[in-house]
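Step one of this worksheet: look at the structure below.
The values are calculated or read from the model by the stated rules, or taken from the named source; none is laboratory data. Source: prediction; values computed, not measured. Reconstructed Cβ throughout: ideal geometry from the backbone, glycine too, with neighbour counts over all protein chains shown.
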There are 4 protein chains.
Amino acid sequence: MREISDFKSVIDQYKVVFFDAFGVVKNYKGLVPGIEKTFAYLEAEKKEFYIVTNDASRSPVHLAEKYHQMGLNAITHDRIISSGMLAKEYLDLKVDDGIVAYLGTRASAHYIESSDLHPLPVGSIKPSDIDNVNALVFLDDEGFDWCRDLNKTVNLLRRRTIPVIVANTDDAYPLTINDVSIAVGGIATMVENIAGKEFIRFGKPDSQLFMLAYELIREKVRVTKPDIVMVGDTLHTDILGGNKFGLDTILVLSGNTLPGDAETKITSTGIIPTYICASAVVV
Amino acid sequence: MREISDFKSVIDQYKVVFFDAFGVVKNYKGLVPGIEKTFAYLEAEKKEFYIVTNDASRSPVHLAEKYHQMGLNAITHDRIISSGMLAKEYLDLKVDDGIVAYLGTRASAHYIESSDLHPLPVGSIKPSDIDNVNALVFLDDEGFDWCRDLNKTVNLLRRRTIPVIVANTDDAYPLTINDVSIAVGGIATMVENIAGKEFIRFGKPDSQLFMLAYELIREKVRVTKPDIVMVGDTLHTDILGGNKFGLDTILVLSGNTLPGDAETKITSTGIIPTYICASAVVV
Amino acid sequence: MREISDFKSVIDQYKVVFFDAFGVVKNYKGLVPGIEKTFAYLEAEKKEFYIVTNDASRSPVHLAEKYHQMGLNAITHDRIISSGMLAKEYLDLKVDDGIVAYLGTRASAHYIESSDLHPLPVGSIKPSDIDNVNALVFLDDEGFDWCRDLNKTVNLLRRRTIPVIVANTDDAYPLTINDVSIAVGGIATMVENIAGKEFIRFGKPDSQLFMLAYELIREKVRVTKPDIVMVGDTLHTDILGGNKFGLDTILVLSGNTLPGDAETKITSTGIIPTYICASAVVV
Amino acid sequence: MREISDFKSVIDQYKVVFFDAFGVVKNYKGLVPGIEKTFAYLEAEKKEFYIVTNDASRSPVHLAEKYHQMGLNAITHDRIISSGMLAKEYLDLKVDDGIVAYLGTRASAHYIESSDLHPLPVGSIKPSDIDNVNALVFLDDEGFDWCRDLNKTVNLLRRRTIPVIVANTDDAYPLTINDVSIAVGGIATMVENIAGKEFIRFGKPDSQLFMLAYELIREKVRVTKPDIVMVGDTLHTDILGGNKFGLDTILVLSGNTLPGDAETKITSTGIIPTYICASAVVV
């Protein structure tokens, strides 16, 4: 059995901490109880941190506001790195003009707004628009009619050879203590299989999200990979992705991975965190 | 290049013909023009035939009525073998009582009606019903709210370890000359991946549907596998399944496989029909 | 927790028993201790039985001899249904002449010997033979040079569009109490992915093997599916396949599924045996 | 139909060119005829370049020597970025000591040599070594006995929960004009499936290899992503990976993608190069 380490003792060895959001900082009920102490400690110790999240449902500004409403002011919008930001960078670099069709809420469309692109929900695309659609983005599982708009998406992809971006690689996310909700990553896989195309996916465990956080932190402080630890509740995304990028990793047992399951899951997947802690709360 | 054979000359070599429905006998506009001549010829020559279809959206009686409405009276309900019939056989043999939850229209629920089972659309399941749900069946892509009911299905499968039956293995089906519609088989794959369970699938290319047709035909006439030919428009279902079951196969170019694509598709998949014909129309 | 049933009491309810071989009747050390009492009991009670196995490494006659050498004479060759027999039936029905290339030992080639076919190990195929190769069969993981012959197989399939048959769907099999060996099913999957073709697989959980056993038993005795129970140690092959075919199933804990893992595996896969027994030994 | 662009005119728009090796600079016969003119042109125009390759079979120094032997001196070892370098970085950062088991030639083991690690071919691991094996690396398809050592690898992974690194994501590579060879990426997928673990893969299309090249180029010259173009012959690795990383991409038709297939492959996969050129030769 792997030992459970004290969270504070572990992060004392690092200059920078990357946190996953859901299951680590917050859960379906609100903030993880006591997590504000962790951020106070980081500030007192002058350690830098980032929230590194597969959430493309709203902008970093909106995501930060949610934390502030819950009473956690330490997480400012410039501390949030979301997979939606990679979708935005892709569109900026690779799509010059035309319509960018999307599946998601109006709030998620933040990531595809730019001077020369015209974001349009799939549900609003008219036959006369089809030839001008130059990219398609899966942003959120909400904000559209699944049956109507997923069928429309499959048929759009039969007519147009365009890049398709999936801005959240998760298959599902927790909704309450018992229930999950199908995430846009799971929906995108279904459409990808039926359309027979290869989509471009952004989000943990892919290293591009870690790279973005790494570049941004290095603009602020002089650190290298051994100075950074990634904290997450999910082996397949946070821990696998952090390991692959060359970071040390902490698995916390406050979310997706239950205390009784950690050892079995590590052994059966071969995804091995550097440390295991009960939670990310500094006590 | 493989040669295109004359359909009539080919079926003259067999005593029994199995037909796929969509793309062979009918298409999105109605009957394949001239197909009634084929069934008149079969009758005149006293050849037996079956429609072997992955369609579980309605009962054989309803499916036959549709043909009669289009003017094709030769296809009686006892000539139709649908994947829904295997779902029904499974439930009869393996589920004794309780609620059978389903996704599909009321017409598709035909296949789960039996004296001791209580069919209930997923959308109508109440929390108090959950402990009595003893099986779940994917029947049709219509008749339910995808977002609400697929999420409800995932969470039902997190609470209950029950058999899940997929009564149609197709991922998509043609809607018009240009458009397709996501089929219940594609939806089921998404739910299977997210729930992490292994579903039971009935339908071509699986041999169980061919076996059912084979058993029924042998109750009527004394034939063996070399006496039967399977006619289909799709390599992956009709031809692969027919070949594997040991039947000779005819690929027709009136549906899913276009005349210009047949050779490429055969070479790239390695699924090889015994014959290729322009259509199943006897001229 | 599901209850552990007494094996004898369970089989008393059935007229026919289908047994998986490895992990049920025998293991890496020889016979499962006491299993001869089970076959004596079946004989005394006049219950019919079959061994239903994914083993295509040798003929039923050879497989039966192995049992006799270990002192179990009840298992005669006509009681053994192997996935190799389906490969043989396929070739008889669907391949008229020419060379059938194979991967496996000389003993496994039993299944492709027939009057008009010429079996040839992949390693012995000369360039001048290539145009005459009309089918390829994966029979056993032994008897060939993996590196040389798997590369040769991939390139053969790039030149020739021919049916490829996999006569054993297993990925691995137990070698000692601790070690497994990669099985020919696992090797075939690698070649299938690299060649980009669709292979034809015979073996549990596919229903065609159950169908063959069912047809043979019905030539002997008048039974229907509810009269038969399938006994196996592997959820994914024996139990899933038995369930799907409409048989009742018994999971025994003497092989692949350890007593401590059964509940977790059933819940996580959703593959549910009708009964669980410690072993197939009648005590 | 997409137009075929002139290679020289396209690269004139960029400051830096990334080249795939096989199918672009060299092929099974040696150098792509005329390719030396391209590197002379880059030098004359003072454009920077890198070879970005999934080849982990030997060190950059050895790879460069091969080019020099063929008469191409422009490609120095510091211009070669290989997926093996990422494996090396991973081990440096994440594995402190002990044995690193590997599959590959002695030349490929270059990437796992470091002061505190002990590289050992899987074939040389003794039972007493097993507890000291702290990582496993797939480097090359040559240099080991596939049957013996792949079985040994599967059983090693059943005993030890350790990180497994795949230093080449390719499934196959061209050997002659007609033949391919199974690559170590394809072999690793088989072992991963059988062992049921999740391996760490380095190589195109994954963005980490592009990131490494991007970091190195930025230590030399001040460029951003729009200044760089990636040249490759394979849609799934070079073009998908380049696109995802935010680079413009050139598909050349001198390797994996044949002139007659480019349009079909682009449409069927949805992977779209910025340009298509006949080859990477400046004429």
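Taking A:K225, is it closer than 23 Å to D:P163 by Cα, surrounded by fewer than 21 Cβ atoms within 10 Å (Cβ to Cβ) and basic (K, R)? When the stated conditions are applied, A:K225 passes them. Scanning segment D:121-130 for residues that are in a loop (DSSP other than H, G, I, E, B) and within 14 Å of chain C (Cβ to nearest Cβ) gives a single hit, D:I125. Of all residues in segment C:249-256, one or more are more than 20 Å from C:S82 (Cα to Cα), modelled with pLDDT of 95 or more, outside any strand (DSSP E or B) and touching an Asp or Glu at 6+ places or on another chain (Cβ under 9 Å). Of the residues that sit in segment A:141-179 and are within 19 Å of A:P205 (Cβ to Cβ) and either over 23 Å from the mean Cα position of the chain (by Cα) or of a type in the set (V, I, T) (or both), which one is surrounded by the most Cβ atoms within 10 Å (Cβ to Cβ)? Applying the filter and picking the extreme gives A:I165. If you go through segment B:56-64 one residue at a time, do you hit one that is more than 26 Å from B:V223 (Cβ to Cβ) and outside any loop (DSSP other than H, G, I, E, B)? Checked against the condition, which is being more than 26 Å from B:V223 (Cβ to Cβ) and outside any loop (DSSP other than H, G, I, E, B), segment B:56-64 yields at least one hit.
Residue under question is A:P60, and the condition is that it be under 17 Å from A:N168 (Cβ atoms), not basic (K, R) and not assigned by TED's automatic domain parsing to the domain that holds A:T189; does it hold? Here the answer is yes, as A:P60 does meet what is asked.
The residues of segment A:71-105 that are of a type outside the set (A, V, I, L, M) and more than 18 Å from the chain's Cα centre (by Cα), listed by number, are A:G71, A:N73, A:D92, A:K94, A:D96, A:D97, A:G98.
Take B:V184 and decide whether it is closer than 19 Å to A:G196 by Cβ and either buried (at least 22 other Cβ atoms within 10 Å of the Cβ) or not hydroxyl-bearing (S, T, Y) (or both). Against the criterion (closer than 19 Å to A:G196 by Cβ and either buried (at least 22 other Cβ atoms within 10 Å of the Cβ) or not hydroxyl-bearing (S, T, Y) (or both)), B:V184 qualifies.
If the condition is being in a loop (DSSP other than H, G, I, E, B) and over 21 Å from the mean Cα position of the chain (by Cα), then segment C:1-44 contributes C:M1, C:R2, C:E3, C:I4, C:D6, C:D12, C:Q13, C:Y14, C:K15, C:P33, C:G34.
Listed conditions (1) touching a Ser or Thr at 6+ places or on another chain (Cβ under 9 Å); (2) surrounded by fewer than 24 Cβ atoms within 10 Å (Cβ to Cβ); (3) not basic (K, R) are all met by D:L209, apart from (2).
Restricting segment C:250-280 to residues that are crowded, with 20+ Cβ neighbours inside 10 Å and within 14 Å of B:E198 (Cβ to Cβ) leaves a set whose member that is farthest from the other protein chains (Cβ to nearest Cβ) is C:P273.
Residues in segment B:80-93: is at least one closer than 23 Å to A:D145 by Cα, not basic (K, R) and not assigned by TED's automatic domain parsing to the domain that holds B:I35? No, because not a single residue in segment B:80-93 is closer than 23 Å to A:D145 by Cα, not basic (K, R) and not assigned by TED's automatic domain parsing to the domain that holds B:I35.
Would you check which residues across segment D:94-108 are touching a residue at least 60 places away in the same chain (Cβ under 8 Å) and either assigned to a helix (DSSP H, G or I) or crowded, with 24+ Cβ neighbours inside 10 Å (or both) and list them? Result: D:K94, D:L103, D:G104. Could you please let me know if A:A21 is buried (at least 19 other Cβ atoms within 10 Å of the Cβ) and at pLDDT 95 or above? Considered against the rule, which asks whether it is buried (at least 19 other Cβ atoms within 10 Å of the Cβ) and at pLDDT 95 or above, A:A21 comes out as yes.
In segment C:45-54 there is no residue matching the filter, namely being more than 23 Å from C:T249 (Cβ to Cβ) and out of contact with any Lys or Arg (no Cβ under 7 Å at 6 or more places or on another chain).
Taken over segment D:131-160, the criterion of being away from chain C (no Cβ under 11 Å) and either assigned to a helix (DSSP H, G or I) or without any contact (Cβ under 8 Å) to a residue 24 or more places away in the chain (or both) is satisfied by D:D131, D:N132. Here is a check on your reading of the model: is A:I194 closer than 29 Å to D:G196 by Cβ and modelled with pLDDT of 95 or more? Spelling it out, A:I194 is indeed closer than 29 Å to D:G196 by Cβ and modelled with pLDDT of 95 or more.
Residues are listed down the side, and each one gets a yes or a no for (1) among the hydrophobic types (A, V, I, L, M, F, W, C); (2) under 27 Å from A:I130 (Cα atoms):
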residue	(1), (2)
A:F19	yes, no
A:L63	yes, no
A:M70	yes, no
A:N73	no, no
A:Y90	no, yes
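The residues on offer are C:I75, C:I51, and the sole one that is free of Cβ contacts under 8 Å to residues at least 40 places away in the same chain, surrounded by 15 or more Cβ atoms within 10 Å (Cβ to Cβ) and not in a helix (DSSP H, G or I) is C:I51. Counting residues that are more than 10 Å from every other protein chain (Cβ to nearest Cβ) and touching a residue at least 60 places away in the same chain (Cβ under 8 Å), which strands (runs of 3 or more DSSP E) fully inside segment B:169-246 reach at least 2? Strands (runs of 3 or more DSSP E) meeting the threshold: B:172-174, B:228-232.
Being on the phi > 0 side of the Ramachandran plot and surrounded by 20 or more Cβ atoms within 10 Å (Cβ to Cβ) is the requirement here; does B:G196 meet it? No: the conditions fail for B:G196.
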